[in-house]
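**Q** Quick one: the structure is below, and I'll ask about it shortly.
The values are calculated or read from the model by the stated rules, or taken from the named source; none is laboratory data. Keep in mind that what you see is a predicted model, and the values were worked out from it rather than measured. With ideal geometry, Cβ positions are generated from the backbone for all residues, glycine too; neighbour counts draw on all protein chains shown.
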Amino acid sequence: MTALAAYTTSTGEAFQFWVLGTVAVIGALCTILMKKAVHSALCLAGTMIILAVFYLANGAYFLGIVQIVVYTGAIMMLFLFVVMLVGVTAADSLKETIKGQRWLAAACGLGFAILLFAGIGNASLKDFNGLAKANEGGNVEGLASLIFTKYVFAFEITGALLITATVGAMVLTHRERTERAKTQRERAEERVREGKHLPPLPAPGVYARHNAVDIAGLLPDGTPSELTVNKTLRERGQIRDVSSEALDDLRALEQRSTDRLERPDLRRTDTGRNGDGDRAEETEEASK
Amino acid sequence: MNPVNYLYLAALLFAIGATGVLIRRNAIVVFMCIELMLNACNLAFVAFSRLHGNLDGQIIAFFTMVVAAAEVVVGLAIIVSLFRSRHSASVDDASLMKL
Amino acid sequence: MNTENLIALLVAAPLLGAAVLLCGGRRLDRVGHWLGTLLAAVSFVIGLVLFTDMLGKGTEERSLHQHLFSWIPVEGFQADVAFQLDQLSMTFVLLISGVGTLIHLYSIGYMEHDERRRRFFGYLNLFLAAMLLLVLADNYLLLYVGWEGVGLASYLLIGFWQHKPSAATAAKKAFLVNRVGDMGLSIAIMLMFTTFGTFAFKPVLEATAETSEGKLTAIGLMLLLAACGKSAQVPLQSWLGDAMEGPTPVSALIHAATMVTAGVYLIVRSGAIFNGAPDAQLAVTVVGAVTLLFGAIVGCAKDDIKKALAGSTMSQIGYMILAAGLGPIGYVFAIMHLVTHGFFKAGLFLGAGSVMHGMNDEVDMRKYGGLRKYMPVTFVTFGLGYLAIIGFPGLSGFFSKDKIIEAAFAKGGTEGWILGSVALLGAAITAYYMTRVMLLTFFGEKRWEPDAQGNAPHPHESPKSMTIPMILLAVGSVFAGGFFSIGDRFMHWLEPVTHHDHGDSPLSAATVTGATMVVLVIGVSLAWAQYGRRPVPSVAPRGSLVTRAARRDLLQDDFNHVVLVRGGEHLTRSLVYVDHTLVDGVVNGTAASVGGLSGRLRKLQNGYARSYAVSMFGGAAVLIVATLLMRAV
Amino acid sequence: MSFPLLTATAALPAVGAIATAAVPAARRTAAKWLALFFSLATLVLAVVVLVRFDPDGDRYQLTESRAWISDFGVRYELGVDGIGVALIALTALLIPFIILAGWHDADPLETKSSRWRPTQGFFALILAVEAMVIISFEATDVFLFYIFFEAMLIPMYFLIGGFGDRAHAGSDEKASAQRSYAAVKFLLYNLVGGLIMLAAVIGLYVVAGNFSLQEIAEARANGSLDMATNTERLLFLGFFFAFAVKAPLWPLHTWLPNAMGEATAPVAVLITAVVDKVGTFAMLRFCLQLFPEASKWATPVILVLALISIIYGALLAVGQRDIKRLVAYASISHFGFIILGIFAMTSQGQSGATLYMVNHGLSTAALMLVAGFLISRRGSRLIADYGGVQKVAPVLAGTFLVGGLATLSLPGLAPFVSEFLVLVGAFARYPAVGIIATLGIVLAALYTLVLYQRTMTGPVKPEVSAMPDLRVRELVVVAPLIALLIGLGVYPKPLSELVNPAVKHTMSDVQKKDPKPEVEAAK
């Protein structure tokens, strides 16, 4: 690229900008509109990658890479971890609680955008010098020379900042154990004293078709037992109730036996088969 | 195309991020929006460095990233401990300032 | 030796007494009364010394002057504590300290059984000091000090028996009414200050010549107001009757002999001002004439012996004021009557006190009767006083009062005739009511009966300490008049102060005297006809409308009560309400509205971080806009 | 430079306040004695000031001047003229009496915890007020004055709200409610005044460029600093409003009765006899000196307000049922006289007003403190609850009467001199005003004597029959006050000679001449 007075980019870059830019904006919008935190995080990651590309396009090769590695690679992953910790499905209802907050926010955002646009428009930024000269010795070298000469102090300070942040994070997340941990014996005695469920909890339901920890085992009367499912799943409400299937299978069994003993009863089989099929699809759904 | 469009894009993203901060109640999402705003700024810086033809803008962007990283670490830690204490990641639940 | 320096002692002696007695505490209770009397006597002796010294001098240099210290030195405003002792002051000094001493003496016996006797003498001394200050001051402001001082003393003494609500009320009333008069005096002083730039007697009285009559009239009227207050002249007379709540010696000293005559002193002292202001003089004479009749009528109707005498005092002072209003013709007679009146009225009051002393403090004359055999001395002295006041030929009253009546006629013109005849009428009524008092008290058969506790009064003569002053005063009231008027001694004595001139009387002195005699006889015989011949009912008959009005001081009090007291109460109560609701209400209202407003604003602070964020963000936006606009401009 | 006497005078009580506050809870009596000691030491210093001050010398003496906030030309400038000296002396004189009179007012009630240490606080606050009052009498820098003029409110607020009169009609809750109401009212009134004044102070700085009273006054005098008429008037009003609130002028007076009614008697004296004087003092020193033209412009209105204060206050005093409120309204009437004297713009009036400040301090102190002793004995503030006290406690009654007579300005007692001077001064320029004001003396007699009659005379009420007479401590408080009242009434010369030169200066500030007497004029 050569530095001209009135500077324009190559058509390729323009094309790339318009396409990716659109995607980036959409990603950003999704970030703020998605119901579930996970989805927001994913959209944001996408946007960031696109930004990385733009960095590269702007001749900030080092930053572009850092953007991908640090941001998208590390920070966003950190986000995902936290989301997991806090709960993937702890989706906050988008219903606004504070009166007029949403409209105010929207208005502010819009107004601010307009403002910035106006500002940028006012500032006549026609002539771009381009980075050709700056990047002669290679972008990374250029940055390095700057960082270690001109910005060395800032650099050192950021280092200190990072350390402090790390320590701070540890302090914040570390939970002080106040009392001695209970031994197994003590626990057992406690359970007995409180008359809790003494034997190990029943296993989750296991079937030929699918065995999964999220399926409640059935009690003799065919109703599912919550106990059999792991606590976390229970809290997230991710238990799949398959008791109906079991009953249908039972009916199907009787059906077959009647088939073998007597002449077939079309209607019932049909219904049975149809129901069977429906239920199959249903299960497909749930297993996703 | 004039690279100034990068600036417009940055502005747009920034505004979106800001709006998100204001609308969302889930602390994590709010945080993401903040990250978004930071990135928008970075983009602007990069564009500026291209405008001026020197690397200082990129340096600033670099530092921004570092700071953002530190900030995310601490911020997420805060969110986690908040969640522990309140079993919720909603910023509205932490409204002790209310009279 | 230099006699000026003694003047201060005149005031200092009783003042010292007051200080010692009032601050001394109980340990002085046993000697207190003697100490008080002694100091009063001391100032009387000093007075005599000064008097003889003065007689020794020529007429011109008789006026002494003593400058003590500069009192209030302020830019353009010089008030000094300085005394001036001329013939007029001298007369008063002797009267005050003389009668005062006698009454101190009398009180020793009269207050014997009162455990607060020491304080009583303290107050008496305080009064003497203030009164002497009043007559010795060489400027109006210092006179004002004495003026209020006597007011204070009379307040304390009237209310001496404070446990009696009536006494306390009377005292308060006296002080308040006097205060109204004092207002007049202080305004007069201000007027003098603005007119003459000073208020010392000498320069003021000399500067009257080149002053506008309007100013003089204003000053004169204000002085008259003051005089009305102090001397119980209409319309400010209402306090005198109630003042009789005080111990009798007080009534004798303050409310008969001395203090109430201060008004006369003021007017005579300010003669030059009045001479320059005929309208003011006319007002003075009118006030005097009206009071003269008013007091006399009231005196006729009262059954309370002291109140009757109070009415008489009022009317006698009316005479003096009338005389003083006549200008140079009358000043000297006003003073002369003042002195003689001092003697016989004090004597009468002491007599009344002695009677009450013997009658368990019974004051209703209808409960007396035939006391002449029980208390001869009192009877004789009282009788002499009586003859003197009605103007029995040869006694003091005869000379002084006749002179006033003559002078009234001598005023000339219709005024002269009216005033003169009013004075004559007054003389008649005086004769009537005094005879009534005399008869009811000492003649007829005894009318007293046991009171509720069943202990009947057994009248007895009073102790020596009481009778001696009465005798002395009686002597005075017999001979003073004659002594003064033979060869016009008194006139010449006061000449340099009052600049006497004989008006041209349309009637000869003899005619006036004759007329006086006639009305005197009429008055006496009327009284005799009414109270001498028939027995007197021991409860007052309902009486005619006039009588009943007169018993109520001609409804003056009722008027005051309805108009001033009630009105004032309503005014204050409504003002209190206004202050609480309106003035305060506005403020509280503002406070309340502000509170409400902030309560509403408070809702904005909902504590949600996000809404704060919105405001931050909006604020940032606004700032940017501002900067951009600044740039644009 | 020489020893900073004025600073010392103001600083000593401040030190005393800190020391007193630091006394541990148990050593209550020690705190009292400490406070008394410091107040007396301050009195000694004040006397030194009085002696060192030469009435015929410069206008401001014992001056001190140090840079303080140089960016805004704020300087730490002290200096006293005759008026200031007189008032400093008054303050320093009254505080020991106030402390003595309030000796037991702040003893903690048994119900409170031992860590509760009201006594120390009470006396420390009183000393703090003294320090601030003294320095505001000394300050010749407008900003400096303003700071302490406002800071005064803080300790006063706590004194009123924290240490109420224990003789209260209602229940404790009611009492504390009324007390805090009074305190808040006091604070708000004066804060509003102060804020408006702050605006004026800033305005003055904008106009004049510095805060130094002397420089500005000089510049005004020699014409090098001329304000636009409206500017001057606005600034004047800003200052005057604050002072009119402080020295309650009708209709800004309603805080005073509440404050004085709810506070303990000594604090009430502190309010009316010491703190309020700053207001009238400041009118003389700042309003007239800085804004002579505007002062003259505003005079008619102010005179009318003063007249209303005189009559209105007296009438309301007559209508009161509560002894302390009665005294409060009487004070309002007296402040009317003071302001009347100041704005009559005559030598007599202003000398009278200055003397009046001192004398009113003494007379109100005497009356109010004795009333306080009376109230503390019977435990009620209502006049109707008393009667016949004179018989059981003659000395108390006697002192009460003297205080009352001083209040009605009986000749021979100090207030008469000042009141008469004010009247003459007012009359000389505005006869009608003088005459109306004279009505005040009648009304004064009315409310004083009615009060005395209802409480002291008449048959002895059973509740008061066992009332003890004045104790030694109380006599020590009252006797000197009465002695001073009489002394200054008979021989006010020293005081008047102290203030006359200052008054002359003020008169020349406003460029007014006393009206000539008619006779001389004729010649």
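**Q** Only one residue in C:236, C:225 is in a helix (DSSP H, G or I) and touching a residue at least 12 places away in the same chain (Cβ under 8 Å), so which one is that?
**A** On the way: C:236 fails: in a helix (DSSP H, G or I).
C:225 is the lone residue from the list that is in a helix (DSSP H, G or I) and touching a residue at least 12 places away in the same chain (Cβ under 8 Å).
**Q** Now for a separate question. Of the residues in the stretch D:428-460, how many are of a type in the set (Gly, Ala, Ser), without any contact (Cβ under 8 Å) to a residue 60 or more places away in the chain, in contact with a helix residue (DSSP H, G or I) (Cβ under 7 Å, 6 or more places away or on another chain) and within 19 Å of residue C:215 (Cα to Cα)? If you could, list the steps in order and put the result at the bottom.
**A** Of all residues in the stretch D:428-460, those of a type in the set (Gly, Ala, Ser) come to D:428, D:432, D:434, D:437, D:440, D:444-445, D:458.
Cutting the leftovers down to without any contact (Cβ under 8 Å) to a residue 60 or more places away in the chain gives us D:432, D:434, D:445.
Filter once more, so that each one left must be in contact with a helix residue (DSSP H, G or I) (Cβ under 7 Å, 6 or more places away or on another chain): D:434, D:445.
Now narrow it down to the ones that are within 19 Å of residue C:215 (Cα to Cα): D:434.
Matching residues across the stretch D:428-460 total 1.
**Q** Same structure, new question: Conditions first: (1) surrounded by 24 or more Cβ atoms within 10 Å (Cβ to Cβ); (2) at pLDDT below 90. Residue B:1 passes all but one, so which condition is the exception?
**A** The one condition residue B:1 does not meet is (1).
**Q** Continuing with this model, one more query. Could you list, in sequence order, all residues of the stretch D:10-25 that are surrounded by fewer than 16 Cβ atoms within 10 Å (Cβ to Cβ) and either in contact with a strand residue (DSSP E or B) (Cβ under 6 Å, 6 or more places away or on another chain) or not in a loop (DSSP other than H, G, I, E, B) (or both)?
**A** Once the filter is applied, which keeps residues that are surrounded by fewer than 16 Cβ atoms within 10 Å (Cβ to Cβ) and either in contact with a strand residue (DSSP E or B) (Cβ under 6 Å, 6 or more places away or on another chain) or not in a loop (DSSP other than H, G, I, E, B) (or both), the stretch D:10-25 yields D:15, D:18, D:22.
**Q** Please list, ordered by residue number, the helices (runs of 4 or more DSSP H) wholly in the stretch D:454-523 having 1 or more residues that are crowded, with 21+ Cβ neighbours inside 10 Å and among the polar types (S, T, N, Q).
**A** On the way: elements: D:472-490, D:493-509, D:518-522.
Those helices (runs of 4 or more DSSP H) span D:493-509.
**Q** Report yes if residue D:70 is of a type outside the set (D, E, K, R), under 30 Å from residue D:500 (Cβ atoms) and surrounded by fewer than 15 Cβ atoms within 10 Å (Cβ to Cβ), otherwise no.
**A** So residue D:70 does not fit the description; no.
**Q** Right, here's the next one. Within the stretch D:55-79, how many residues turn out to be farther than 15 Å from residue D:140 by Cβ and assigned to a strand (DSSP E or B)?
**A** 1
**Q** Taking residue D:35 as meeting all but one of (1) part of a helix (DSSP H, G or I); (2) in contact with a Phe, Trp or Tyr (Cβ under 8 Å, 6 or more places away or on another chain); (3) closer than 20 Å to residue D:151 by Cα, write down the number of the exception.
**A** With respect to (1) part of a helix (DSSP H, G or I); (2) in contact with a Phe, Trp or Tyr (Cβ under 8 Å, 6 or more places away or on another chain); (3) closer than 20 Å to residue D:151 by Cα, residue D:35 is out only on (3).
**Q** Among the numbered criteria (1) under 26 Å from residue A:99 (Cβ atoms); (2) assigned to a helix (DSSP H, G or I), which one does residue C:573 miss?
**A** (1)
**Q** Conditions first: (1) among the charged types (D, E, K, R); (2) at the interface with chain D (Cβ under 8 Å from one of its Cβ atoms); (3) touching a Lys or Arg at 6+ places or on another chain (Cβ under 9 Å). Residue C:215 passes all but one, so which condition is the exception?
**A** (3)
**Q** Identify the residue in the stretch B:39-48 that is more than 7 Å from every other protein chain (Cβ to nearest Cβ) and farther than 15 Å from residue B:17 by Cβ and, among all such residues, is surrounded by the fewest Cβ atoms within 10 Å (Cβ to Cβ).
**A** B:48
**Q** Next up: Among the numbered criteria (1) in contact with a strand residue (DSSP E or B) (Cβ under 7 Å, 6 or more places away or on another chain); (2) of a type in the set (A, V, I, L, M); (3) at the interface with another protein chain (Cβ under 9 Å from one of its Cβ atoms), which single criterion is violated by residue C:168?
**A** (1)
**Q** Considering only the stretch A:29-148, give the helices (runs of 4 or more DSSP H) lying wholly within it that have at least 2 residues that are at pLDDT 90 or above and buried (at least 17 other Cβ atoms within 10 Å of the Cβ).
**A** The helices (runs of 4 or more DSSP H) meeting that bar are A:37-57, A:61-66.
**Q** Test residue A:167 against the stated conditions and say whether it is touching a helix residue (DSSP H, G or I) at 6+ places or on another chain (Cβ under 9 Å) and either β-branched (Val, Ile, Thr) or at the interface with chain B (Cβ under 7 Å from one of its Cβ atoms) (or both).
**A** No, not satisfied.
**Q** So, one more: From B:28, B:60, B:34, B:78, grab the single residue that is surrounded by fewer than 22 Cβ atoms within 10 Å (Cβ to Cβ) and at the interface with chain A (Cβ under 7 Å from one of its Cβ atoms).
**A** Of B:28, B:60, B:34, B:78, the one residue that is surrounded by fewer than 22 Cβ atoms within 10 Å (Cβ to Cβ) and at the interface with chain A (Cβ under 7 Å from one of its Cβ atoms) is B:78.
**Q** Take residues that are charged (D, E, K, R), surrounded by fewer than 22 Cβ atoms within 10 Å (Cβ to Cβ) and modelled with pLDDT under 90 and tell me which of the helices (runs of 4 or more DSSP H) falling wholly in the stretch D:138-237 contain 1 or more.
**A** Details: elements: D:142-151, D:153-162, D:172-208, D:213-221.
Those helices (runs of 4 or more DSSP H) span D:172-208, D:213-221.
**Q** Out of all the residues in the stretch A:155-164, which are at the interface with chain B (Cβ under 7 Å from one of its Cβ atoms) and surrounded by 16 or more Cβ atoms within 10 Å (Cβ to Cβ)?
**A** Scanning the stretch A:155-164 gives A:158, A:161.
**Q** Now, a different point. Name, by its number, the condition in (1) outside any helix (DSSP H, G or I); (2) among the acidic types (Asp, Glu); (3) farther than 30 Å from residue D:501 by Cβ that does not hold for residue C:61.
**A** (1)
**Q** Still on this structure: Exactly one of these conditions fails for residue A:12: (1) under 15 Å from the mean Cα position of the chain (by Cα); (2) more than 9 Å from chain B (Cβ to nearest Cβ). Give me its number.
**A** Among (1) under 15 Å from the mean Cα position of the chain (by Cα); (2) more than 9 Å from chain B (Cβ to nearest Cβ), the lone unmet condition for residue A:12 is (1).
**Q** In the list B:41, B:33, which residue meets the criterion of being under 12 Å from the mean Cα position of the chain (by Cα), within 19 Å of residue A:102 (Cβ to Cβ) and modelled with pLDDT of 90 or more?
**A** B:33
**Q** Let me ask something else about it. What residue, of C:208, C:198, is assigned to a helix (DSSP H, G or I), within 11 Å of another protein chain (Cβ to nearest Cβ) and surrounded by fewer than 24 Cβ atoms within 10 Å (Cβ to Cβ)?
**A** Answer to the check: C:208.
**Q** Give the residue, chosen from C:604, C:623, that is out of contact with any Asp or Glu (no Cβ under 7 Å at 6 or more places or on another chain), in a loop (DSSP other than H, G, I, E, B) and loosely packed, with under 12 Cβ neighbours inside 10 Å.
**A** Just one listed residue meets the conditions, C:604.
**Q** Within the stretch D:359-370, is even one residue in contact (Cβ under 8 Å) with a residue 12 or more places away in the chain, within 14 Å of chain C (Cβ to nearest Cβ), more than 20 Å from the chain's Cα centre (by Cα) and assigned to a helix (DSSP H, G or I)?
**A** no
**Q** Being free of Cβ contacts under 8 Å to residues at least 40 places away in the same chain and either at the interface with chain A (Cβ under 7 Å from one of its Cβ atoms) or in contact with a Ser or Thr (Cβ under 6 Å, 6 or more places away or on another chain) (or both) is the filter; apply it to the stretch B:1-13 and report the residue that is farthest from residue A:60 (Cα to Cα).
**A** Among residues in the stretch B:1-13 that are free of Cβ contacts under 8 Å to residues at least 40 places away in the same chain and either at the interface with chain A (Cβ under 7 Å from one of its Cβ atoms) or in contact with a Ser or Thr (Cβ under 6 Å, 6 or more places away or on another chain) (or both), the one farthest from residue A:60 (Cα to Cα) is B:12.
**Q** Kindly evaluate residue D:252 against the criterion of being closer than 23 Å to residue D:59 by Cα and either within 13 Å of the chain's Cα centre (by Cα) or in contact (Cβ under 8 Å) with a residue 40 or more places away in the chain (or both).
**A** So residue D:252 does not fit the description; no.
**Q** Right, next: List pairs: first in the stretch B:69-88 and part of a helix (DSSP H, G or I), second aromatic (Phe, Trp, Tyr), Cβ under 6 Å, 6+ apart or cross-chain?
**A** The qualifying pairs are B:75/B:31.
**Q** So, one more: Of A:148, A:117, A:153, A:128, which residue is in contact (Cβ under 8 Å) with a residue 24 or more places away in the chain, over 31 Å from the mean Cα position of the chain (by Cα) and more than 30 Å from residue C:607 (Cα to Cα)?
**A** Result of the check over A:148, A:117, A:153, A:128: A:128.
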